[in-house]
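Trainee: Structure below; questions to follow.
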Amino acid sequence: MKRILIKRSVVDSLLSYAKACHPKEGILLLRGKVKRDLIEVNEVEIPPLSVRGKGFSTFPTYMLPIDFSIIGTAHSHPSGVLSPSTADLNNFYGRIMIIAAYPYRSERDIIVVDGRGEKLNYEVIDDYSGDPSEY
Ligand SMILES: [Zn+2]
């Protein structure tokens, strides 16, 4: 079982993106590194314009760039349901999937799942590499 580390800035971006898209579903790509015993999520990226504005279940993963730094996807559940749907699992892309459910208040509104829909434990890490005045 790999440890999953998610940067605080990733959690914040995810929650604010989900809020901005609400009541529509928002989709983000996760960038990071997969190591032997560790998955690190360092950045989020908004998918290409052509794939936005659709629900995740109709998200055409074949339109994504072939890019091995994309380690998974994140999307929001405006319904507030904090678990993956069957369609989500059928469209699983990468190593992990993050779901942020309404009301997107904190990391308690976020889950990380694997390709079978099993909830994975994760740790949120602070990123001190930025401007220290932000902290
Ligand atoms: Zn979903």
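Trainee: Considering SER83, SER13, SER57, which residue is modelled with pLDDT under 95 and among the small types (Gly, Ala, Ser)?
Mentor: SER57
Trainee: Can you pull out every residue in the stretch 4-39 that is open to solvent by 40 Å² or more (accessible area, probe 1.4 Å), within 16 Å of the ligand (Cβ to nearest atom) and either closer than 17 Å to PHE92 by Cα or not basic (Lys, Arg) (or both)?
Mentor: Once the filter is applied, which keeps residues that are open to solvent by 40 Å² or more (accessible area, probe 1.4 Å), within 16 Å of the ligand (Cβ to nearest atom) and either closer than 17 Å to PHE92 by Cα or not basic (Lys, Arg) (or both), the stretch 4-39 yields TYR17, HIS22, PRO23, GLU25.
Trainee: Which members of the stretch 104-125 meet the condition of being in contact (Cβ under 8 Å) with a residue 40 or more places away in the chain, surrounded by fewer than 18 Cβ atoms within 10 Å (Cβ to Cβ) and in a loop (DSSP other than H, G, I, E, B)?
Mentor: ARG105, SER106, ASN121
Trainee: OK, next. Would you list the strands (runs of 3 or more DSSP E) that sit entirely within the stretch 1-48 and hold 2 or more residues that are over 18 Å from LEU120 (Cα atoms)?
Mentor: 27-34, 38-45
Trainee: Further question: Just the residues that are open to solvent by 10 Å² or more (accessible area, probe 1.4 Å), β-branched (Val, Ile, Thr), more than 11 Å from the ligand (Cβ to nearest atom) and touching a residue at least 12 places away in the same chain (Cβ under 8 Å), please, taken from the stretch 66-103.
Mentor: Once the filter is applied, which keeps residues that are open to solvent by 10 Å² or more (accessible area, probe 1.4 Å), β-branched (Val, Ile, Thr), more than 11 Å from the ligand (Cβ to nearest atom) and touching a residue at least 12 places away in the same chain (Cβ under 8 Å), the stretch 66-103 yields only ILE70.
The values are calculated or read from the model by the stated rules, or taken from the named source; none is laboratory data. Predicted model only: the values in this text are computed from it and were never measured. Virtual Cβ from ideal backbone geometry, glycine too; neighbours counted across all protein chains shown. Surface accessibility is based on the protein's heavy atoms, side chains included, excluding ligands, DNA and RNA. Shrake-Rupley method; radii C 1.70, N 1.55, O 1.52, S 1.80 Å.
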